[in-house]
Structures are given as structure tokens and as C-alpha cells.
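The structure under discussion appears below in the form of C-alpha cells.
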Amino acid sequence: MAQSGEADQPSLIGSAGDSLREAFGRALVRLGEERTDFVVFDADVAGGTGTHHFRKAHPDRFYQFGIAEQNMMAAAGGFAATGVPVFVTTFAVFMLRALEQVRLSVAYSKRNVKIVASHPGLDVGPDGASAQCLEDLAVFRAMPGMVVVSPADSLEAELATAAILDYEGPVYMRTGRSPCPRVLPPDYRFKLGRGVVLRDGSDVTVIACGVEVARALAAAEQLAATQISVRVVNLSTLKPLDEELVVRCARETGAIVTAEDHNVLGGLGGAVSECLARFRPCPVEFVGVADRFGESGEPEELAEKFGLTAPHIAAAALRVVERKRKG
Amino acid sequence: MRTLEDMALFAIRARRLSLAAIHAAASGHPGGVLSAIDIMTVVFQRHLRFDAANPHWEDRDRFVLSKGHAAPALYAVAALAGMYPPTELRGLRKLGHPLQGHPHVGTTPWVEASTGSLGQGFSAGVGMALGLKHVRRNARVYVLLGDGEMQEGQVWEALMCGAHHGTDNLCAILDYNKLQSDDRNENIMALEPLADKIRSFGWQVQEVDGHDLAAIDSALAIAAQRRQSPSFMIAHTIKGKGVPFMEGRPEWHGSVKLRDEDLDRALTALDVGAADVQRYMDGSIWGS
């Protein structure tokens with residue numbers, strides 16, 4: 001009989017590669033060496049969220065709560081009250097299960113809790129609609145005092161992990177399941193609450209977050225061939241919103257497209273539109289999931305079916321430029 | 001050390017004060033306030049280590065009122081224990097005042113957890129107990145739950161969690177008055193056999209008369225000595241205890257308005273003379 005060895009181990013989907021959850025898990029390990037104060041909570045999905053790296057490196061600072069998210073979330077509030085920052089981790093949909101605990105025991109109580117959710121959006125893929133969280137950015141944005149972050153690539157996920165730990169107060173951050181292309185330069189500096197222009201342009205601005213940033217850059221490249229000049233902004237902090245940048249983009253390009261792997265209601269598109277309605281109204285088009293649930297499929301297939309690809313963003317950009325021209 | 005006589009006097013004063021505050025606020029939950037006061041009196045007077053002048057003292061014990069609707073009981077007990085001036089009770093439930101309808105850490109620094117959504121205070125207490133062990137502070141956590149609260153799934157998550165992690169610095173106390181908002185527990189969603197259930201989850205369970213100050217005191221002392229597993233004290237109580245016309249009556253669960261004549265009758269039952277009833281009624285006694 002063969003010895004039990006690595007060959008007998010199942011291959012974990014997405015456990016390697018340049019995914020945001022991997023970047024988050026590795027950032028936790030590194031931060032755990034730099035800072036001795038914080039702990040990590042898990043609800044039996046450490047291998048999925050990336051926190052298994054932290055468990056291995058810092059076992060005495062890793063707390064297992066089992067598949068019981070409501071208790072985990074309120075306990076995070078209590079634990080943080082003893083002066084210890086807490087990272088609460090599970091999949092994005094299961095964070096929704098503990099929303100009321102987030103509200104009372106974390107947000108209202110202003111606890112130093114970092115809620116970090118993997119598996120957001122259609123990027124989850126074959127597990128289907130029950131696992132594809134398309135509502136988190138909207139509901140977490142509605143929590144008073146909650147900072148909301150959705151990094152664009154593994155580098156930003158790593159930098160944002162450090163930044164939200166340095167920030168004192170409740171934060172919600174999305175990571176991501178699938179390997180994701182790098183979109184930010186190696187010398188990129190993440191600043192909480194600040195968006196960045198990744199590509200300049202004058203006809204229209206695409207404001208994106210998460211996996212849509214890479215698609216927005218591809219759309220801009222496509223449109224450059226048709227003489228449409230597209231500015232691309234990575235707006236990874238949805239709250240507090242970089243209003244100055246959003247208003248400047250509206251003023252300078254006069255047309256906005258928002259792009260997110262999320263319901264078109266209440267997320268990045270909502271945040272940007274609220275800002276524009278108050279300070280600088282202009283035509284806006286929304287790329288996102290049109291108030292529907294997803295389904296099983298590979299992430300790229302789902303992006304195609306539900307309208308999240310670079311050509312979808314390019315089409316939205318053309319529509320909004322046309323609206324601008326018509327006045 | 002406070003004597004039993006001291007505590008009995010403290011408890012009756014807390015009953016008077018909390019009812020007067022509910023009367024002044026024109027809404028509140030008197031039944032579950034009165035059932036909880038003897039328990040909270042013993043916790044605050046004999047077991048909880050705190051520094052009223054320094055509510056954030058890091059080695060303090062923590063008390064969490066998970067049945068947050070009994071806030072006036074916590075407010076009265078805390079005021080009498082010197083945590084803040086009793087005159088602030090005039091602002092209970094009023095706009096711009098710190099004493100919220102349910103306890104809140106943001107406006108009252110001596111409150112340990114914002115509560116009012118059942119089950120959450122218990123989990124927060126488990127988290128505090130874990131956190132205190134993590135930072136190696138020799139402090140204890142007390143959590144007071146209501147019986148209707150035991151129907152929340154989160155409570156059973158917390159029971160599993162506390163036992164699994166061996167939070168022996170945690171003592172949960174159930175104010176078991178058998179009545180919840182609408183009716184008796186057994187008619188809404190039966191809880192029994194409760195002691196067996198909680199024991200089977202891995203907790204050290206004691207049952208006491210929740211109005212016998214000496215019995216509560218002994219049980220808390222035993223709980224403090226337990227090692228490896230957390231403690232759960234089932235305190236059998238009477239809703240509305242101390243005010244005969246409220247005792248055992250679910251309609252006084254609340255949220256109800258105490259009319260002048262209700263407060264008058266209640267205070268009279270709590271041995272307040274006619275002259276002082278008026279002083280409770282207008283709030284002038286609270287500063288003294």
C-alpha cells in the first residue's frame with residue numbers, strides 16, 4: 001500500500017495563485033510578525049479565506065468559532081473591547097448572516113473590528129447564486145461609521161490589509177476568490193479613502209472597484225482604437241468616498257461609468273451617483289449585476305452572461321459619451 | 001464587605017429608582033427590571049471588581065446586560081454603586097441624554113456592551129472572556145440573560161463557543177421569570193429541560209432562587225472558583241418582583257407607560273412613605 005503523501009491530498013481550488021484572498025492571508029502572516037496585538041477569527045473556512053496561513057504562523061492568535069457567524073461577529077465586538085484588534089473572516093454571503101450583529105455589536109459600538117470577506121460577487125463561480133454575494137457593498141455601506149474597501153488586485157489587497165489594521169474602527173473589506181491580474185504598479189501606495197487614476201482620459205471616466213478594474217483598463221484600451229479617450233479610476237474605498245476625485249472626474253470628462261461585481265443598486269454605482277447628484281450631476285451608466293441573482297458557471301462565463309466584461313464596460317462608455325454629446 | 005442587610009436595602013432602593021425612572025421616561029419594561037434587580041445587586045455589591053472613578057480600568061470585571069430591555073435596572077444599580085450621578089436618570093430615554101432606552105457603550109462609558117437585540121450581549125461576553133484570557137488579565141465577565149432570549153439561536157452558538165474555548169472566567173446568569181413579551185415561555189417556545197440542555201453543552205450549571213441574596217451570593221462564589229468550563233446560573237425569579245400588582249403578569253413586560261397612580265402604588269408597596277412618593281414622582285429625590 002502506498003504511503004500517504006502529497007499525492008493523496010486533494011487539490012484545493014484557488015488556494016494558490018495571485019488571488020486577493022491569498023494576498024490577504026499572506027499579509028496577515030507578515031503583519032502578525034510586525035504587530036503582536038491583533039487576532040483572527042474564522043468560521044471553519046480558513047482554507048477559503050486565506051487565514052490558514054495565519055493559523056499556521058500564529059496559532060495562538062487564531063480563534064476558531066465554528067459555523068456560527070452570529071456568535072463570531074458579536075464575540076469579535078466583545079474581544080475587541082479588551083483592546084485587541086480583531087479580523088473576522090468568512091465568505092461574503094455568510095457575513096450577511098451576521099449583519100445585525102455587525103450593526104449592534106460592531107458598528108454602533110464602534111469596535112476595532114476588521115470584517116474581511118472572501119468570495120464576493122460572480123467571481124465565486126461554480127458554487128452558484130447561494131454563494132455569490134452581490135449585496136455586501138450596499139448593506140455594509142449603509143452601516144453608520146463603517147469603512148468599506150474593495151481592493152483591485154493582490155498588491156492592493158495586501159496594502160489595504162495593513163492600512164485597515166492601522167485604522168482604528170470598524171471596517172468591511174472584500175477580497176476575492178479567483179486569481180486576478182495585477183493592475184497596480186509595484187510602487188503603488190494605498191491610502192484609505194483615496195481613489196487613484198490608473199489611466200488618464202478626457203471623454204469619459206470609468207470608476208471601478210475589485211475585479212472590474214482590470215476589465216475597465218481593457219475597455220479603455222479597446223476604446224482608444226476608436227478615438228474615445230477613457231480615464232480609469234480605481235476607487236477601492238467606497239466609504240468614505242473620495243468625493244473630490246469623483247467630482248473632478250465629472251468636471252473634467254463630463255461622463256461617468258461605474259463598474260463593480262455587485263448588484264447595480266447601492267454599491268459603487270450608488271456611492272458615486274449620490275456624490276454626483278449632490279455636487280456635479282452628469283450622465284452615468286452602471287456596469288454591474290442588474291438586480292438579479294447569479295448562477296453556476298466559471299467566473300468569466302458569468303461575467304459574459306451578466307454583463308461585467310471589458311466589452312460591456314466599453315459599450316457603457318459609448319452610451320454615456322453619446323448621452324453627454326446630446327446634452 | 002456589604003452585608004445581606006446592606007444588599008437588601010440597596011435592592012429596594014434600586015427598585016424604587018428604576019420604576020421612578022421608567023415613570024419619568026413614560027415608557028419602559030418594569031416587569032423584567034424588577035425580576036433582575038436582586039441578581040444585579042449581588043453582582044455589583046459583592047462580586048464585580050470595578051473602579052467607579054475609572055470605568056475603563058483594564059483589570060475590571062465586566063458586566064453585560066444581554067437582556068438590554070432591563071436597562072433601567074442596570075442604570076439604577078450602577079447609579080447607586082457610584083458609576084454616575086443618579087440625577088442623570090431624569091434623562092432616561094430622552095433626546096440628547098446619555099441613558100438610552102437600551103444600554104449603549106457610546107454614551108455611557110461604564111456600560112460594557114451595547115445591547116437590546118437578544119443574544120448579542122451573551123456572545124459579546126464570550127468574546128470579552130476570550131479576550132481577557134488572551135491578554136492575560138485576571139478579570140471575570142458576568143452576563144445577564146432573559147429567558148425569552150434563550151430562544152435565540154445565537155445563544156446556543158455562544159453556549160457551544162464558551163464551552164469549547166473553556167471560558168472559565170465567564171459566568172452567565174439567567175433571569176428565569178418564566179414570562180416573555182406575550183405569554184409564558186412554555187406557550188411561546190418551550191425551554192425545558194433547560195438545566196439539562198445547558199449542562200449538556202458543557203457548562204457548570206447551578207440553580208438558585210433569584211431573589212435569595214445569600215443564595216445568589218454563594219452561587220456566584222462557587223462559579224468564580226470553577227476551572228476549565230464556564231458557569232451558568234439559572235436564577236428562578238418572579239417577573240415584577242416586589243410590586244404585587246405586577247408580579248407574574250406578562251402585561252407589565254412592556255414597553256408600558258407607568259401612570260402616576262401606578263408609580264404611587266408601586267412605591268407604596270416598596271415601603272415609600274407618602275411624602276417621598278411625591279419626591280420620586282418629581283425626581284427631586286434622585287439627587288440625594
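Since every read-out is calculated from the coordinates, none of them should be taken as a lab result. Computed from a predicted model, the values in this text were never measured in an experiment. Quick reminder, even Gly has a Cβ in these numbers, built from the backbone with ideal geometry, and neighbours come from all protein chains shown.
A few comments on the model shown:
- Helix-only mean residue ellipticity at 222 nm for chain A, each DSSP H run of n ≥ 4 adding -39500 (n - 2.57), per residue, nearest 500: -11000 deg cm²/dmol
- Residues B:Ile238, A:Ile313, A:Ile67 arranged by fewest to most Cβ contacts within 10 Å: A:Ile67, B:Ile238, A:Ile313
- Per-residue ³J(HN,Hα) for region B:241-254, Karplus 6.51 cos²θ - 1.76 cosθ + 1.60, θ = phi - 60°, Hz, x for Gly and Pro: 3, x, 10, x, 6, 9, 4, x, 10, x, 5, 8, 4, x
- Over chain A, relative contact order from alpha-carbon pairs under 8 Å, at least 6 apart, %: 16
- Positive contributions from Lys and Arg (+1) and negative ones from Asp and Glu (-1), summed over other residues with Cβ under 15 Å from the Cβ of A:Glu22, come out at +3.
- Mean Cα-pair separation over length for chain B, i.e. relative contact order, pairs under 8 Å, 6 or more apart, %: 24
- Rounded, prolate or oblate (a/c below 1.5 giving rounded, otherwise prolate when a/b exceeds b/c) for region A:196-326 by Cα gyration tensor: oblate
- GNM result for chain B, Cα springs below 10 Å: residue of B:Arg46, B:Arg136, B:Arg199 fluctuating most strongly: B:Arg136
- Contact order relative to length of region A:196-326, as percent, for alpha carbon pairs under 8 angstrom and 6 or more apart: 29
- To the nearest ten degrees, helix B:120-134 and the longest principal axis of the Cα atoms of chain B are 50 degrees apart.
- As a rough footprinting exposure proxy, the listed residues A:Thr205, B:Thr3, B:Thr108, A:Thr36 were ranked by other beta carbons within 10 Å of their own, and the order from fewest upward is A:Thr36, B:Thr3, B:Thr108, A:Thr205.
- Going from the fewest other Cβ atoms within 10 Å to the most, the residues A:His119, B:His236 appear in the order B:His236, A:His119.
- Tail weight of P(r) past 18 Å, computed on alpha-carbon pairs of region B:115-272, percent: 61
- Look at where the Cα atoms of region A:57-112 and of region B:25-76 average out, and the two centres are 25 Å apart.
- Charge sum, other residues only, whose C-beta stays under 15 Å from B:Ala221's C-beta, Lys/Arg counted +1 and Asp/Glu -1: +2
- With the alpha-carbon atoms of region A:20-174 aligned to their principal axes, the span from lowest to highest coordinate is 38, 30, 28 Å, starting with the largest.
- Cα pair distances of the protein assembly as shown binned at 20 Å [whole percent]: 20, 43, 28, 9, 0
- Gain in span if fully extended, A:Glu100 to A:Glu168, counting 0.36 nm per residue against the direct Cα distance: 22.4 nm
- Computed E for A:Thr36/A:Arg248 - FRET, C-beta separation, R0 45 angstrom, nearest 0.05: 0.65
- Among residues other than B:Gly166 with Cβ under 10 Å from its Cβ, the summed charge is +1 (Lys and Arg +1, Asp and Glu -1).
- Look at the stretch B:150-162: the mean tally of other chain Cβ atoms within 10 Å of its residues' Cβ atoms is 4.
- For chain A, alpha-carbon Rg and Dmax in angstrom: 19.6, 76
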